[in-house]
1. Residue check, residue B:259 against (1) facing another protein chain (nearest Cβ under 7 Å); (2) open to solvent by 30 Å² or more (accessible area, probe 1.4 Å); (3) closer than 30 Å to residue B:156 by Cβ, all met but one. Which one?
2. Filter region A:44-58 down to residues that are within 23 Å of residue A:236 (Cβ to Cβ) and in contact with a Gly (Cβ under 9 Å, 6 or more places away or on another chain), then give me how many there are.
3. Which residue is nearest to residue C:259 (Cα to Cα), if the candidates are limited to region C:460-499 and must be open to solvent by 10 Å² or more (accessible area, probe 1.4 Å) and aliphatic (A, V, I, L, M)?
4. Restricting the search to region C:324-338, which residues are within 14 Å of chain A (Cβ to nearest Cβ) and either more than 32 Å from the chain's Cα centre (by Cα) or part of a loop (DSSP other than H, G, I, E, B) (or both)?
5. Between a first residue in region B:98-123 that is without any contact (Cβ under 8 Å) to a residue 60 or more places away in the chain and more than 14 Å from residue B:187 (Cβ to Cβ) and a second residue that is in a helix (DSSP H, G or I) and among the aromatic types (Phe, Trp, Tyr), which pairs have beta carbons less than 9 Å apart while being 6 or more apart in sequence or on different chains?
6. So, residue B:194, is that one within 12 Å of another protein chain (Cβ to nearest Cβ) and in contact (Cβ under 8 Å) with a residue 40 or more places away in the chain or not?
7. Out of region C:78-122, which residues are open to solvent by 30 Å² or more (accessible area, probe 1.4 Å), at the interface with chain B (Cβ under 10 Å from one of its Cβ atoms) and aliphatic (A, V, I, L, M)?
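The values are calculated or read from the model by the stated rules, or taken from the named source; none is laboratory data. Note that this is a predicted model, so its numbers are computed, not measured. Don't worry about glycine lacking a Cβ; one is built from the backbone with ideal geometry, like all the others, and counts go over all protein chains shown. Calculation scope for accessible area: heavy atoms of the full protein, side chains included, ligands and nucleic acids excluded. Shrake-Rupley method; radii C 1.70, N 1.55, O 1.52, S 1.80 Å.
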Amino acid sequence: MTVPVRLFGHRLTLPALIGLIIILVNVAAAVGAPVIAPFDQADIVGDAYADPDPQHVLGLDNLGRDLFSRLVYGARMSIGLALIITCLSFGLGVTAGFAAAVLRGWADVLLSRLVDLLLSMPTLIFAFVVLSVLGTALPVLVVTIAVLDAPKVFRLSRALAMNIGALEYVEVARLRGEGLWWVIRHEILPNAAAPLLAEFGLRFSFAFLFIAALSFLGIGVQPPAADWGSMVRDYRDMINLDAMAPLYPAGAIAILTIGVSFVVDWMLAIHARGQGEGA
Amino acid sequence: MLRLIGQRLGLGLLTLVAASVLIFAGTEVLPGDLASAILQNTATPESLAELRQELGLNRPAAVRYFDWASHAVVGEFGRSLASHREVVVEIAPRLRNTLFLASYAAIVAVPLAVGLGLMAAIWQGGVYDRAVNFATLLTISVPEYLVGYILIKYFSVRLGWFPSLANVTPDTPLLSRIWLTFLPMLTLVLVVIAHMMRMTRASVLQIMSSPYIEMAFLKGLPKWRVVIRHAFPNAVAPIISVVALDLAYLIVGVVVVEVVFVYPGLGQLMVDAVSKHDVPVVQACGLIFAAAFILLNMAADVLAILSNPRLRHPR
Amino acid sequence: MNGRRMGEEVLEVAGLRVVARGVGTVLVDDVGFALRRGEVVGLIGESGAGKSTVGLAILGYTRPGCAIEGGRILFQGRDIRAMTPPERRALRGASIAYIAQSAAASFNPAMTLFEQISEIPVRHRLMTPAAAKVEAIRLFSELELPDPERFGDRYPHQVSGGQLQRAMAAMAMAAKPDILVFDEPTTALDVTTQVEVLAAFRNLIREHGTAAVYITHDLAVVAQIADHIMVLRHGRTVEHGTADQILREPREPYTRHLVAERLAPHRYRADIVGGEPPLLELQDVVASYHTLPRVIDGVTLDVRRGDTVAVVGESGSGKSTLARVITGLLPREAGAIRFRGETLPPRLRERSRDQLRRVQMIYQMPDVALNSCQTLYEIIGRPVRFYFGRPRAQVRARVRELLALMDLPADFIDRTPPELSGGQKQRVGIARALAAEPDLIICDEVTSALDQLVGEEILGLLRRLQDELGVAYLFITHDLGTVKRIANKVAVMLKGRLVAAGDTARVFAPPLHPYTELLLASVPEMRRDWLDEALVGRQRTVAAVRNAQIELAQ
């Protein structure tokens, strides 16, 4: 099931291509929201609950705002937040993971135990505990989720660095007398890039779903700002009127997550195949 | 082997203690304490100091932790800041409801997922397997609220088969309880089943590709005997740990599902408490959820040790 | 024997063709042979020759994704391909039984040996469980397994590798089949264990008059057991004849090559004239992994310029650890290591760049020894740049020079390792070592992951480089055949200690240390009567080794 499109020198599978298109469309919506959206997200443009018409393709919401425009602006908030969180948790996790693998000794033991502990608790519950005191300002949300997610990145990058570090070509470099940074840059990172990139996709999905869940529960993004999760919350009563309104943002969340997982699956499959050839 | 199990139980206990420290620390040591959380914008230096005195916040954190933890062990979590009722009284009926919903979903999901996963493994590469594979890939990352609202839209609003609100009371009889919570249960099942099934399939397939399974076929054994006698005993341990991990996930999923269906469970109580900064309730709920999560993980490991022949029959 | 006539044809394979579906690769094409009762056919070939595929096809079985596309497999006149699945099942285990390469992986870890062995006769309704148990115990004692009455109550992980391989033979014999298929059954075993298991297999076949197909890559092993030998390459038959004919008068060039390499006369290198101080001196070196017993215990050894010193031993003898101690990857705990007269610091980090440059390493697995993300220019050029700081253009020229020295095409310079074959990758590993212009190269089992002919080529290359460059080798290996051919000095290791060391000719000539004698007596030779000779006096040698070990421990 491959298509004649290549990325990173590998042929895309059909799901991977679909996933890639989904991601591109979403990113385009997020970046170009003011251009794409016909109305501002806060503008009241007609009667509440109005049905779709050519100018308002998805109809109007409970306050008479254009649903489509709000969805487009919501992409900006949801994707932007998730991306910032992922970058932060990745920076933390990879740095600590590589450091633990390289330094070994007590630093590794200490970090690993701490991570074990954090991973032995349900993330959502721990986030509740922290947010109950710190409130739900955006920077608090971002840092909390990033810190709670970093242990997973730590585990993977530590294992990667350890596994690759045990291979004989790394031993060769050490025997040659190469410095630590040279070994990490030239021998470990190029071989860790593919699984790390796939992990970035997975972590993005996690952060994206997590912030959406918090917003849906009312302890995430607060009005008037709106991401897809809080839109589901705002429109949830409309479901009893048999309206589609809450399903649009919820569906958008699901579609983007599926798109990302299609691409991640493809990257992991390529990596596994590369490993198979090597062994 | 007994030593291994003992070690695992000890580790579980230790983790539980550490988790309680984290939960306590999460609410106490971070910038902004309980008093400012309660008073929010209305805080004046005087009122803050007064409230701190009242809540005993002037004592060192370690002392307060031991005070809190020693009471928590016997089920005393203090009084709710919002309702001023005993936290235990608030929690007890809700915990029962949550446990009911989670067990209801688990009883349906586990046999279903393991059965479907085994079937996918047996007919690996067939139409059924590929269809299931694609379906699970689609549903594996779909959020609970989307599933929940789709189910409400079609089964409740359009068809009217089930209620959209699962408002049970302590005196609701079992049968109507099962009916009232059918949609929440189904939502949880749908969300958790994809992962459980994929992992069951993967662990069975991994075992089925091992040399001793090929050997069993070369001994002229029929497929059913190979699967039941040779593959299954070895697949039990990985399947158990997958199921336990997914059940741990289910506990978290319960929170969102309870909000979707306005079900009076522990999750909803916790979410309300978070928005009201009702710290004692949040701590109590957090501790209960964390304990359930840790217990399930521990049970998975212990069962895996018990079903490993290398550990059961040491050299 | 149960009214079975010796010499009656039990199996005929003709025009067998097996393909991998999807990719469409032909694994086996047009292979055919006949097997009579009491006869053993040896299938020999390198990896990928299709030997195992043929072996499995005899049971009407193919690995997932493969299919038998053509030919006949007649068992006592009935075509296995035309049978219904239940008929084929009735045959497997009961009439045709299979013995796999790795018994450790092929026994179910969750069942006792008895349960697995009696499964065949009981499930095929040939014996009652009680009778099957009696038969299993009889087979255990026949195969000289310890405590036959209770041996079967154990789980696979509770017995040793050699015992497990014999238990697998017991499982195959449990229903007294007409044909046994042995698929590389001794390859995973240590050389001293291999002899005993091989002898047990041969006795079993002879006692019961069973026909057998014996699959291996080792011509010397098959010489001991087979009446006929079929040589396979790339899924096709190269040559098929009696064992004597194949071993003595091979007709095809490929077979002649295989036989010639094994019969190559031992060429001990002339002793290097002494005088100058040794290149590398080890004195009472001790090392261990933290708390475990010492892995290297009081090793003393000299390597001179131009020497090839072989360190031989079985798995777990500490020979690879010795390499790690010399390079500084594992710091020594006691003793001294001197290189060109100066003491080497124990730790890698404390050594100077020049000290590091002069000792290089070549590894067993070229796949993991080369970074698959780098081009050959980067892999081979890095030491040139790192140690000699040459400008880019000169580095490139030097890499080309080294590639030429390795007989690799110049345009390989911009390729990456995944595009190369195993032998080519190993050549790149050698080129990388030479790029540092070392005095000593440590070769850790450099040929054991390669096919026989490719391995011989690598050995030839190493010998040529030594003649041209005068580099010394420390050759770590378990293969005494290799040692005899290339090393002028040898050190025999047993449990972390040297039991014998010195010129190869002297160490391998009487009076022998008992362990050296046992090792030498365990290397299969390409004579058909070797196994019988090897078994004579073996008990005495084994006892002597045990005594020597006890002495060492004190």
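1. Unmet for residue B:259, out of (1) facing another protein chain (nearest Cβ under 7 Å); (2) open to solvent by 30 Å² or more (accessible area, probe 1.4 Å); (3) closer than 30 Å to residue B:156 by Cβ: (2).
2. Step one: filter region A:44-58 for residues within 23 Å of residue A:236 (Cβ to Cβ), giving A:44-52, A:56-58.
Within this subset, residues satisfying the condition of being in contact with a Gly (Cβ under 9 Å, 6 or more places away or on another chain) are A:44-52, A:56.
Matching residues across region A:44-58 total 10.
3. C:486
4. First, the residues of region C:324-338 that are within 14 Å of chain A (Cβ to nearest Cβ): C:324-331.
Within region C:324-338, C:328, C:329, C:330, C:331 meet the criteria.
5. Between residues of region B:98-123 that are without any contact (Cβ under 8 Å) to a residue 60 or more places away in the chain and more than 14 Å from residue B:187 (Cβ to Cβ) and residues that are in a helix (DSSP H, G or I) and among the aromatic types (Phe, Trp, Tyr), the close pairs are B:119/B:128.
6. Working: within 12 Å of another protein chain (Cβ to nearest Cβ): yes; in contact (Cβ under 8 Å) with a residue 40 or more places away in the chain: yes.
In short, yes.
7. Matches in region C:78-122: C:90, C:104, C:105.
Condition check ((1) assigned to a helix (DSSP H, G or I); (2) of a type in the set (Ser, Thr, Tyr); (3) at pLDDT 85 or above; (4) over 21 Å from residue C:157 (Cβ atoms)) across all residues:
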site	(1), (2), (3), (4)
B:202	yes, no, yes, yes
B:234	yes, no, yes, no
B:241	yes, yes, no, no
B:246	yes, no, no, yes
B:255	yes, no, yes, yes
B:270	yes, no, yes, yes
B:291	yes, no, yes, yes
B:294	yes, no, yes, yes
